[in-house]
Amino acid sequence: MRYTLSPALSALLLRPAQRNRGPLGLFFDRFNRAYATYKTAMFGVCRALIRKSAFSLLFLGLVALVAGWFGKTLPTGFLQKRIKGSFMSASNSLRGFDGSHRGCV
């Protein structure tokens, strides 16, 4: 279904806002004022967090570069040559399995 914006409807939408009257108007005025204050505060918080995130990303990049430099320049002599490239693992067998029935099929 298509809707078109007729000149009469656009005139209703574009007319200047009128001041609300009565108790409901008072409620809406206060609500709009509180919402505007909240929106301004939230934009400020978001702006500060975005600035801090940019700083944090730069700091994280610097830490990664320093870690890469340390990994490249520091000696890796803590591991013995025969252990280098090995994969070590520890595992437990099932409960009750003692390995005494090897070779029995």
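What follows draws every value from the coordinates through simple rules; no lab data is involved. Quick caveat: nothing in here was measured; it's all calculated off a predicted structure. Note: ideal-geometry Cβ built from the backbone for every residue, glycine included; neighbour counts use all protein chains shown.
Gain in length, L26 to A67, computed as 0.36 nm per residue apart minus the alpha-carbon separation, to one decimal in nm?
Using 0.36 nm per residue and subtracting the Cα-Cα distance, I get 8.7 nm.
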Charged-residue dipole, Cβ positions (Lys, Arg, Asp, Glu), segment 20-73 about Cα centre, Debye nearest 20:
100 debye
Among N32, S53, A67, flag the residue with its Cα farthest along the positive direction of the charge dipole of segment 20-73, charges on Cβ as +1 for Lys/Arg and -1 for Asp/Glu.
N32
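So between A8 and R33, what do we pick up on full extension, going 0.36 nm a residue minus the alpha carbon distance?
Extra length from A8 to R33 when fully extended: 6.0 nm.
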Fully extended contour minus Cα-Cα distance, from S91 to L60, at 0.36 nm per residue
7.5 nm
